[in-house]
Amino acid sequence: MTTGIELRDLRKLYDGHGATAWAVDGVNMRIGQGQFVTLLGPSGCGKTTTLRMIAGFETPTSGQILRDGIDITDQPVSDRDMRMVFQDFALFPNMTVAENVAFGLRTRRMKGRFSDAEIRRKVAEHLDLVHLGSHAGKRPHQLSGGQKQRVSLARALVTDPDVVLFDEPLGSLDAHLRKVMQIELIRLHRELNKTFIYVTHDQDEAMAMSDAIAVMNVGKVMQFGTPREIYDRPASRYVASFIGHAHIVDAVVAESRSDGLMVRLGNGEVVSLAQPAKVASGQSVGLMLRAEDLSLARPGEGELHGQVADSLYRGEYIEYVVELTGNAGLVHVHEPTDLPPFAHGAPVALKVNAQKAHVVEA
Amino acid sequence: MAQAALSLPSQTGGARPAVRSARRIERRRMLLWLVPPIAWFTVFMLVPYALLFYYSLGQAEDMVFTPGLSLRNFARVFTDEPYLGVILKSARIGLMTSVLSAIMAYPLAFCLAFHVRSASLKFVLYLLVIVPWWASYLVKAYAWKTILGTGGILNATLQGLGLTHEPVRLFLYNEFSVVLTLTYIFTPFAVLSIYAQLERVPTSLIEAARNLGASAWEIVFRIVLPISVPGVIAGGIITFSLAFGDFVAPVLVGGPDSLMISNIVINLLGVAFDWPMAAAIGLVIIALGLALISLSGWLEEKTQVRL
Ligand SMILES: Nc1ncnc2c1ncn2[C@@H]1O[C@H](COP(=O)(O)OP(=O)(O)O)[C@@H](O)[C@H]1O
Ligand SMILES: [Mg+2]
């Protein structure tokens, strides 16, 4: 028996409106107990639908959801003992903060499990956990967005579920608050040892918080792995360009050995990589070049050559847009601001970090 | 340069009176815009109320109106038979109608708001609620006569089933049939008012409650009902007012003793020619109505939750 949640070939087709596209199209995933797993993808790729099927709000068209090896596909929402944190908070407006948090402890099915004193203690404890101890008596409309999200978090955690589901919980918060809440969520996950399944379209958020990320596109999981795997070894061109804004240049494998690769660009220049070979010589590939894996040098001092097409001062670094010679492609390079700047139109060479550059399917 | 500098003062000097006169014209034009509403208000509100008040202070002697300055008629509303009693009875019928309407309307509005997912089905059901209003009030009231009467559908069914052997007379010409008819006719108002409030409840609240393990009953009684109280009150006030002031149902399906206050007023006006008494009753009812609306407005405000 495996503990945790397993999705087996999960599919969803919304009926009505002549819908013909699968909202979720064959998702397979294993989420171990205590993991922080993020579903990441652009808007409309089926993240919410997947999460809502796990929660029981939507019935899968086909496929199975297993919980600790037991099929829960048809289990009613209220029996699932997974708590959801909604993007719009979904706080009950007719109740105070404390009453909202106590709601899950006071349902009929919980009757007799906790005394009033215990409920009060648990509510107070969880309001403290999210730093809202002094707001217990307020109504939801008297709280800020960040505070509402904390209440919704406390309400989900107070019943001590094994699994907590999040649907873009920070989506409506401003950038600063989002950072604060990210750190808060990571802390809670570390302290509570619960499974967190998290939906977001923000790749920075996904990278920073998750044990594993499922990158989704049009209802499918494109890659499922640790943030490092996803970032350093994207399995496809789609994942590479979605995560970390990589630039991909067309190339052909010149030489493939067990300990590395040589690829040739359209302009004849050659780059060597430390990536173990999974591609054959002569195969067309995409060479993924990230800004932080490149550095500029004077002509002749690097593998690739080009011309500075643009430079943007970003404060932390200068971002150069470099057009490779022979129209081989466009790459971005981040350079420290204290180095002498390269002028617009200047011919430059590029040094490539062989450990980090990576090829994906053409 | 010099020319421009020279021309500046004269320009501003010239502009100021121009602005002022433009403002004056503007204000005059504004007054013009205000004439229609003020005229409407005077002709249709102030004058009738003033007339009503003028009549209520006078006397009717031998069916002829004599002006006066006496508050006697107002006292008679509360002391003479049957006025106060009928007002109270009308209020009772109004209250029963509004409560029954709310009970009838709530489940329908609830279904419409939460269970009907398809937009077109929602529209059709919504239309079905409103459509009876295209039929005449009289037709609808008469319909109940044919259902509840001694030779009516209900009695025929009961006899056909062998449950009764002779027509039951209890169904028609009493307060029960009046309340039933009024409830039938005015329930749509309650539906629309409650539905409007329920529509504001985000579905995520209901999903959150289900997710926290709440049963359907708990969702209704702890979340939906508390949030929808203002809609119920608003609908209740509308149905109460309509039922309270009704004069057709008591005549068509009511018994000899189920006349309501509007029937009394009509009799005073058209049969007894006691216009002063009718005016006094009218004013008392208007005052009661204002009090009721203020109270309900306050209650609605008080029970409204900020979503
Ligand atoms: N209730 C619904 N009815 C019909 N189509 C829906 C419904 N919810 C979502 N969809 C469609 O399913 C697809 C996936 O949606 P969703 O899971 O919400 O994506 P995401 O959360 O990744 O933005 C979209 O094309 C969306 O239009
Ligand atoms: Mg979504």
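Descriptive notes on the structure:
- Residues being outside any helix (DSSP H, G or I) and either within 27 Å of A:LYS47 (Cβ to Cβ) or touching a Lys or Arg at 6+ places or on another chain (Cβ under 6 Å) (or both) - total across region A:97-133: 2
- Test: residue in region A:148-160 that is within 26 Å of A:ARG52 (Cβ to Cβ), in a loop (DSSP other than H, G, I, E, B) and open to solvent by 50 Å² or more (accessible area, probe 1.4 Å): yes
- Selection status of A:ASP88, touching a helix residue (DSSP H, G or I) at 6+ places or on another chain (Cβ under 8 Å) and surrounded by fewer than 18 Cβ atoms within 10 Å (Cβ to Cβ): yes
- A:SER241 satisfies every condition listed in (1) touching a residue at least 12 places away in the same chain (Cβ under 8 Å); (2) part of a helix (DSSP H, G or I) except (1).
- Condition check for A:THR107: touching a Gly at 6+ places or on another chain (Cβ under 6 Å), among the polar types (S, T, N, Q) and away from chain B (no Cβ under 11 Å): no
- Test: residue in region A:88-98 that is facing chain B (nearest Cβ under 8 Å), within 16 Å of ligand 2 (Cβ to nearest atom) and either closer than 16 Å to B:SER204 by Cα or of a type outside the set (D, E, K, R) (or both): yes
- Sole residue being in the same structural domain as B:TRP298 (by TED's automatic domain parsing), more than 17 Å from B:THR183 (Cβ to Cβ), of a type in the set (Gly, Ala, Ser) and not in a helix (DSSP H, G or I), chosen from B:GLY213, B:GLY231: B:GLY213
- Qualifying residue in region B:63-76 (condition: touching a residue at least 40 places away in the same chain (Cβ under 8 Å), in a loop (DSSP other than H, G, I, E, B), exposed (fewer than 11 other Cβ atoms within 10 Å of the Cβ) and not assigned by TED's automatic domain parsing to the domain that holds B:ASP246): yes
- Pairs are defined by a Cβ separation below 9 Å, a sequence spacing of at least 6 or placement on different chains, a first member in region A:167-185 that is closer than 22 Å to A:THR49 by Cβ, and a second member that is within 12 Å of ligand 2 (Cβ to nearest atom) and in a helix (DSSP H, G or I); the pairs so defined are A:ASP167/A:LYS47; A:ASP167/A:THR48; A:ASP167/A:LEU51; A:ASP167/A:ARG52; A:GLU168/A:LYS47; A:GLU168/A:THR48.
- Residue selected from region B:176-228 under the condition within 21 Å of the chain's Cα centre (by Cα) and small (Gly, Ala, Ser), by the criterion nearest to the other protein chains (Cβ to nearest Cβ): B:SER228
- Top-ranked residue of region A:134-147 - restricted to ones that are outside any helix (DSSP H, G or I) and more than 14 Å from every other protein chain (Cβ to nearest Cβ), ranked as surrounded by the most Cβ atoms within 10 Å (Cβ to Cβ): A:ALA136
- Taking the criterion of being open to solvent by 40 Å² or more (accessible area, probe 1.4 Å), more than 7 Å from ligand 1 (Cβ to nearest atom) and more than 14 Å from chain B (Cβ to nearest Cβ), the residues of region A:14-40 that qualify are A:THR20, A:TRP22, A:ASN28, A:ARG30, A:GLN33, A:GLN35.
- Residue list for region A:41-59, filter: open to solvent by 20 Å² or more (accessible area, probe 1.4 Å) and more than 14 Å from chain B (Cβ to nearest Cβ): A:PRO42, A:SER43, A:GLY44
- Meets criteria (more than 21 Å from A:VAL164 (Cα to Cα), more than 16 Å from ligand 1 (Cβ to nearest atom), open to solvent by 10 Å² or more (accessible area, probe 1.4 Å) and not β-branched (Val, Ile, Thr)) for A:HIS126: no
Here's the yes/no breakdown for (1) closer than 17 Å to A:VAL249 by Cα; (2) in contact (Cβ under 8 Å) with a residue 60 or more places away in the chain; (3) in contact with a helix residue (DSSP H, G or I) (Cβ under 7 Å, 6 or more places away or on another chain); (4) crowded, with 20+ Cβ neighbours inside 10 Å:
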site	(1), (2), (3), (4)
A:ARG298	no, no, no, no
A:VAL308	yes, no, no, no
A:SER311	no, no, no, no
A:TYR320	yes, no, no, yes
A:GLU323	yes, no, no, no
A:LEU330	yes, yes, no, no
A:ASP338	no, no, no, no
A:PRO341	no, no, no, no
A:PRO347	no, no, no, no
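- All told, B:LEU299 falls short of being closer than 30 Å to B:PRO202 by Cβ, free of Cβ contacts under 8 Å to residues at least 24 places away in the same chain and within 21 Å of the chain's Cα centre (by Cα).
The values are calculated or read from the model by the stated rules, or taken from the named source; none is laboratory data. These figures come from a predicted structure and were not determined experimentally. Because the Cβ atoms are built from the backbone with ideal geometry, glycine has one as well, and the counts that use them run over all protein chains shown. The area values use the complete protein model at the heavy-atom level, side chains included, leaving out ligands, DNA and RNA. Shrake-Rupley method; radii C 1.70, N 1.55, O 1.52, S 1.80 Å.
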